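The values are calculated or read from the model by the stated rules, or taken from the named source; none is laboratory data. For clarity, every value in this text was computed on a predicted model and none was experimentally measured. In this analysis, Cβ positions are derived from the backbone assuming ideal geometry, glycine residues included, and neighbour counts consider all displayed protein chains.
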């Protein structure tokens with residue numbers, strides 16, 4: 001699900017701002033759309049989606065592992081997990097790859113970080129909905 005959201009945000013809605021913008025680093029555009037080999041997401045979509053699904057399963061296992069430490073309630077728990085993903089994944093990725101390696105302008109990195117908030121919020125909410133009630137709620141006696 002998060003892969004679908006990220007593709008819509010980054011490559012559909014965000015395309016004019018992120019990739020057709022003269023302020024964008026030529027290196028970013030070249031790596032994504034011109035240099036061979038092109039990214040896997042463009043050359044082998046099924047393999048890319050399978051790997052993305054595997055990463056989603058791993059995120060689901062991490063969610064299961066830390067769920068007792070997350071807030072109660074499906075929405076609060078999902079958004080908290082999304083915030084953890086954003087802090088541990090998106091910040092580092094955006095700093096290390098687009099900004100550091102490809103010279104992407106800070107303003108566009110900031111836009112991407114906002115897009116990442118939506119992506120990981122959806123992922124956290126979907127995992128929280130799939131997970132259902134908290135372990136604490138399941139362990140509590142019913143009154």
Revision key, fill the gap. Taking segment 54-69 and keeping only residues that are in contact (Cβ under 8 Å) with a residue 40 or more places away in the chain and surrounded by 12 or more Cβ atoms within 10 Å (Cβ to Cβ), one is left with 56, 59, 60, 63, 64, 67
Check your understanding: Is it fair to say residue 126 is part of a helix (DSSP H, G or I), under 26 Å from residue 19 (Cα atoms) and within 14 Å of the chain's Cα centre (by Cα)?
Key -> no
Review point. Checking residue 137 against (1) at pLDDT 95 or above; (2) surrounded by fewer than 17 Cβ atoms within 10 Å (Cβ to Cβ); (3) over 18 Å from residue 2 (Cα atoms), which test does it fail?
Key: (1)
Point to revise | Residue ID - nearest to residue 100 (Cα to Cα), chosen from residues in segment 8-40 that are under 16 Å from the mean Cα position of the chain (by Cα), assigned to a helix (DSSP H, G or I) and in contact (Cβ under 8 Å) with a residue 12 or more places away in the chain | key: 10
Practice item. Starting from segment 98-118, keep only residues that are farther than 16 Å from residue 22 by Cβ, then list their pairs with residues that are part of a loop (DSSP other than H, G, I, E, B) whose Cβ atoms are within a distance under 9 Å, requiring at least 6 positions of separation or different chains. Key: 98/25; 98/104; 99/105; 112/14; 112/104; 115/14
Review point. Residues 47, 108, 79: which one is surrounded by fewer than 17 Cβ atoms within 10 Å (Cβ to Cβ) and either touching a strand residue (DSSP E or B) at 6+ places or on another chain (Cβ under 8 Å) or part of a helix (DSSP H, G or I) (or both)?
Key: 47
**Study point:** Matching residues in segment 6-34 - criterion: being closer than 30 Å to residue 130 by Cα, in contact with a helix residue (DSSP H, G or I) (Cβ under 7 Å, 6 or more places away or on another chain) and at pLDDT 95 or above
**Key:** 9, 10, 14
